[in-house]
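Novice: Sharing a structure, written as C-alpha cells. Questions coming.
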Amino acid sequence: MESMDKIKKAIKNAKKSAFYQKHFADINIEDINSIDDFNKLPFTDKEDLRQAYPFGLQAVPDEEVVRIHSSSGTTGTPVIIPYTRKDVEDWAIMFKRCYETAGCTNLDRIHITPGYGLWTAGIGFQAGAELLGALAIPMGPGNTDKQIKMMIDLKSTVICATSSYALLLAEEIEKRGVRSKIHLKKGVIGSERWGEKMRNRIAGELGVELYDIYGLTEIYGPGIGINCQKQAAMHMWTDYLYCEIIDPKTGELLPDGETGELVITTLCKEGAPLIRYRTHDLTKLIPGKCECGLDYPRIATLIGRSDDMVKVRGSIIYPSRVDELLASIDGVSSEYQIMIDHLNGRDMLTLFFETNVEIGNASAGLEKTVEHEFKQKIGLTPKAKAVGMGELPRSEKKSTRVFDNRY
Ligand code: ZN
C-alpha cells in the first residue's frame, strides 16, 4: 500500500528528532505495516511540542534548516518549528494550489493582512501568491485607514484576512461609503469557526466570494487545505498530509462522516515532521467525490475546537451552535461573547450579543427571546445582555468568544 510506505518514511524521518526518539522510544518502524498498527501509535499534542522547546523537534542537521516559525498559543512556552528549504517550497506549492482552487490567477492583486513574523500567517500567503505569479501586497495587520487607501489605489482583487478582521474592514468600508471604489472579488479567510451570518455579512458588505483556508503553524501554516468553488467543505492536500478524525475524549478513530477532532501526520516534512498531531479542531471527513472534480478528500467547515467545548450545568455548548442560534434571531448580529462564572455555588452563563435595535425596551425584548431560544436549543437559560453594534472587541487574530472564569 503506497500510503503505508509514505507513512513509514515519515515515521523514520520523525525519529531523527530528539523529541520522537523519546516519544517513540519503544516503537520499531518495522512493526508498523498496516493502518491498524499506525493507529496504535501515541498522539502528539501541543504540550509535547512545548516541552521540546527550543530545537527538540528538529529532525535534520543545522545546515539544512533555513527558517523557523513559532506558535505561542495562549499560555506558556512557545513551540518552535524548523523548516528546510524543501519545507518552505512545499508549503508555497500547497498555498498556490489553494489560490488556484479559489479561482485566483496571476492577474490578481492579493492584499495580505495577516501578520508577518514568527507566526506563519503573512509569509505563507505571500509565498503562495508569488509562486502563482500574482501581485502580493504585503500589508500585515492594523492601520485600517492605510488598508482601505491601498485597497482602493492599488485595486486589490483578493483580500486575505481572519474573519473578524475581514468583518472590521467590511464595516469600515461601509461606514466611509467607499464600497464603489473597492475592486475586491474574493476573500481568502483564515480558518476559524465562523457562522453563516458573519460569512453573509462579510460577503455582502465587501461584495466578494469567500474561501476558508485551513492550516496551523505546527503543520506548515495556513494553506494546507481550502474550500473549492462548489462547496463549503475544504479539500486537504493529502499528498503532503495524512488526516484522521478521532473521538477527542477516547482517542478512537471515527468513521468518515462523523464529527470529531482532526489529527494530521506530515508525509513530506523534513525540518519538524509530526506524527498523529492533534489539531483540536472539530470537523468531519466528507465521504465521496466533490463536484468540482478535485480528487483531494474534504473536511467540513470547522465547528469549533475540542478545547472550546464547554460544559455548563450538564449541557455541552459548542460555539458553532451559538452561532446558528443567534443567526436565527432577527435583530441579533453575528458578534457575541460568552462569560461563564461560578457564583454562589452555581455556574452562570452570560451571553453578550450585538444588536442594531435601540438599547432599552426593544433590546430587553430581544434579550428575553435569546434566553428562551438558548434554553430551547442548548438546554440551559443564560443571562442575555444586548450591546450596541461594534461594542464587542474585533480582533486581528482569531477571536475568542468563550471566557470560562470558573477555574
Ligand atoms: Zn471541490
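The values are calculated or read from the model by the stated rules, or taken from the named source; none is laboratory data. This one's a predicted model, so the numbers in the text were calculated from it and none came from an experiment. Note: ideal-geometry Cβ built from the backbone for every residue, glycine included; neighbour counts use all protein chains shown. Surface accessibility is based on the protein's heavy atoms, side chains included, excluding ligands, DNA and RNA. Shrake-Rupley method; radii C 1.70, N 1.55, O 1.52, S 1.80 Å.
Novice: When the residues of region 10-36 are narrowed to those that are in a helix (DSSP H, G or I) and at pLDDT below 95, which ends up farthest from Ile245 (Cα to Cα)?
Specialist: The first filter runs over region 10-36 and keeps only residues in a helix (DSSP H, G or I), leaving 10-14, 18-23, 29-31, 35-36.
Retained after the next criterion (residues that are at pLDDT below 95): 29-31, 35-36.
Details: Ile29: 23, Glu30: 25, Asp31: 23, Ile35: 14, Asp36: 14 Å.
Looking at residues that are in a helix (DSSP H, G or I) and at pLDDT below 95, I get Glu30.
Novice: With the checklist (1) more than 21 Å from the chain's Cα centre (by Cα); (2) part of a strand (DSSP E or B) in hand, flag the one item Cys290 doesn't pass.
Specialist: If we test Cys290 against (1) more than 21 Å from the chain's Cα centre (by Cα); (2) part of a strand (DSSP E or B), just (2) comes out false.
Novice: Can you find even one residue in region 213-228 that is within 14 Å of the ligand (Cβ to nearest atom), of a type in the set (Ser, Thr, Tyr) and open to solvent by less than 10 Å² (accessible area, probe 1.4 Å)?
Specialist: Checking region 213-228: at least one residue is within 14 Å of the ligand (Cβ to nearest atom), of a type in the set (Ser, Thr, Tyr) and open to solvent by less than 10 Å² (accessible area, probe 1.4 Å).
Novice: Same structure again: What number of residues in region 132-169 are within 20 Å of Cys104 (Cβ to Cβ), among the hydrophobic types (A, V, I, L, M, F, W, C) and under 23 Å from the mean Cα position of the chain (by Cα)?
Specialist: 10
Novice: Still on this structure: Looking only at region 72-101, count how many residues are within 16 Å of the ligand (Cβ to nearest atom) and under 13 Å from Pro222 (Cβ atoms). Full working, then the answer.
Specialist: From region 72-101, those within 16 Å of the ligand (Cβ to nearest atom) are 94, 97-101; that's our starting set.
Checking the rest, the ones that are also under 13 Å from Pro222 (Cβ atoms) come to 94, 97-99.
Total satisfying the criteria: 4.
Novice: Only one of these is at negative phi, touching a residue at least 12 places away in the same chain (Cβ under 8 Å), out of contact with any strand residue (DSSP E or B) (no Cβ under 9 Å at 6 or more places or on another chain) and away from the ligand (no atom under 16 Å from the Cβ): Glu258, Glu324, Glu244, Glu291. Name it.
Specialist: On the way: Glu258 fails: out of contact with any strand residue (DSSP E or B) (no Cβ under 9 Å at 6 or more places or on another chain); Glu244 fails: out of contact with any strand residue (DSSP E or B) (no Cβ under 9 Å at 6 or more places or on another chain); Glu291 fails: away from the ligand (no atom under 16 Å from the Cβ).
After applying the criteria, what remains is Glu324.
Novice: Something else now. Does any residue in region 1-30 that is open to solvent by 50 Å² or more (accessible area, probe 1.4 Å) come within less than 6 Å, Cβ to Cβ, of a residue that is part of a helix (DSSP H, G or I) and modelled with pLDDT under 95 six or more places away or on a different chain, and which pairs are these?
Specialist: Short answer, once both residue conditions are applied: Lys12/Ile29.
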